[in-house]
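Scroll down for the structure; my scribbles are underneath it.
Laboratory data are not the source of any read-out in this text; all were calculated from the coordinates shown. Not measured: the values here are computed from a predicted model. Because the Cβ atoms are built from the backbone with ideal geometry, glycine has one as well, and the counts that use them run over all protein chains shown.
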Amino acid sequence: MKKILFAILISLFCFSSIKAQNAFDIIFTQNSNQDNKCSYFNSYFKNKPKEVGFSIVRENDKLYFKVTDEAWAMNLFKKSGDGIAIDVVAKSRYECDKNIDDTQIRGVILEPVYAQQLVRGFKPTKGDRFETFVGTVPENLRDEELEFNILFLNNKVLCRYQSVYNLESYPWGLLDMGVYLDSLTYKSERITSSNDKFSTKYKKLNFVIPFQKNKSSYLPEDIKPLYDSLKLTNFNIKKINIKAYSSIEGSLERNLELQKQRANSIAKSLQSFQKPDIVTEISSSENWVEFLNDITTSKYEYLKELSKKEIKQKLIGALSAGLEVYLQNHRKAVIILDLEKKDKYKEMTTSVLISTFNKLIEDENIEEALVVQNSLFEKLKDENSPDKLRELNVPKQVKFIPVLTKNSMFKYLLNVSYAKIAFDELKSLEKIDPKNGRIKYNLVVLKFVIWRNNWEQIKDSDFKNEIIGLKNHEVSTPLIDRMLVNFHIVKAEKNLKARKYDEKDVSVEFIVDSYENFNLSDYDYLSLAQFLTYYANIDDATDLLEEKVRTITIDEDLLFYYLNLTITNKYNVASKNYRTIMLNSINMNRERFCKLFNSSLDNGVTFQLLENEYLRKTYCENCEKE
């Protein structure tokens, strides 16, 4: 999945707050005069296609204005006095022991660059972008952490003051369609329930263990019923991730120590049921998220207005007893088990596996051959090459189609560059077994890769009909729906590149209207949110994640992506629920939360978030030592 950093631009000031100042020949006006002198600029920006993005990039100490649409920028700078000036802002402005001056200009303004020089300077650059030189970083600021705000000038009048923030987006984040091996297998290692007699090698299980108050030891006999209920007899646990939560009353240090003891006790008990070592990851935190959620509609809602320290002071004596109805549900461990099916051929060498496989095929013991084939695939993963598959002797007959299909699809799963080879092999198998729905499903999956990478010409209308036609081969409607969403994800990208914005919007609208029709994994939610953001559908991306972000079990990437989407909006930050969301992220990964306030040029959103008093207070309380 190709990662792209996309600059989203936000206007940070209304012009009623402009303070007159002298900077080169820039004219600073009050709101009434600004409306008259900037009417063209205001109209031009108001009607800017949302697909057009621009930012300031730093190359060594040179600064460039970069834009996605050269023609749009050329038409912006019409008069000789139209231009750009850069405000160079240092993060040192926001040190926690400083007072921030309430000024419009936050740093050092560079000399403006006007229309003639801007237009002549535009040149193409990577990613179908265009850039033009707009200034040089002052020597005395070159060692500081910097950001670059843009002053847009219309006939030398300051008409827009904007900052850039960083938002990750992934235009190629398709919903995981899976491929048919023994059963439908997903790249994210999820499995579906099915009647297939062959099961997936890997799976992941999530469950919750409630904690009794003050209990810290969990013996094997405590865990055995849980272990048995999960039917782990055919699987080994490869990895345990335990997130242990305490209720919020009492000492933070004591709470975290108690949670660590509980988590280690659970991990030790689970390890007692198997010989292979289990990789264990443990984290612990106080359960502020569910506490704040639970008291929202109760008589204790007033506690939400207090600081953490003040709430802890209140939770002594009778108040703590009254809140126990909530607190008892906050003590628990959220456990994620990564499982691997037991492999009776694991100790065999590659050469022995191949000879064993070939003998089973010769004896037409296809069921056991498929088991050996899985073990062989695990060996070949480490070699990252499918060459050894050539030593497997499998007749091209209908009864061996499951084995042949797996060989072809394994090449694709090993490396996407083998997709065309796998596609051609499956086409030949389709001639042997023309009604095989699994072959047809895998062919469509591979065709997506070929289509989006432009490896050969594919007529999109025919491809869409081919997807819909899978229903005639017992492929379920939810799987076809996922493919149709992916069809429009690729269509949207192709139409964007062709600057067919209206057609692109049709595909985006289809996706927004369709995703609620089937269950989404966390991977799917993130893919869709990033896709919508890439096409500037920020509100839809935010709405997609809204309900999930206040749950303590939310995926970390989803939670931080939501913060990335919303933290620049002062109205979001001011909402009562936003504190809960930020506390969730701080508990989950404090270092990652603090990095949101890095420079937009250093993988942060923007350190200018610290202009917001509430965010600055939160940052200084949690990140000052970062």
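The length gained on full extension between residue 260 and residue 553, counted as 0.36 nm times the residue separation minus their Cα-Cα distance, comes to 103.7 nm. Mind jotting down a quarter of the surface of the convex hull over the alpha carbons of region 202-341, in square nanometres, one decimal? Result: 9.0 nm². Cross-link pairs exceeding 24 Å between alpha carbons, from the set 308/595; 243/308; 37/570: 37/570. Applying 1/(1 + (r/R0)^6) with r as the Cβ-Cβ distance of residue 308 and residue 117 and R0 = 41 angstrom yields a FRET efficiency of 0.15.
A Cβ-based charge dipole, computed about the Cα centre of the chain with Lys and Arg at +1 and Asp and Glu at -1, lands at about 440 debye. Region 217-295 gives an Rg/Rh value of 1.05, both radii derived from C-alpha positions and Rh following Kirkwood. Working from label points 7 Å from Cα in the Cα-to-Cβ sense, the residue 397 to residue 431 distance is 1.9 nm. Once the chain from residue 215 to residue 622 is taken as fully extended at 0.36 nm per residue, the excess over their C-alpha distance is 143.6 nm. Ranked for footprinting exposure by Cβ neighbours inside 10 Å, fewest first, 262, 129 give 129, 262.
Fewest neighbouring Cβ atoms within 10 Å first, the residues 455, 288 line up as 455, 288. Between residue 367 and residue 334, the modelled label-to-label distance comes to 4.1 nm, taking each label 7 Å out from Cα in the direction of the beta carbon.
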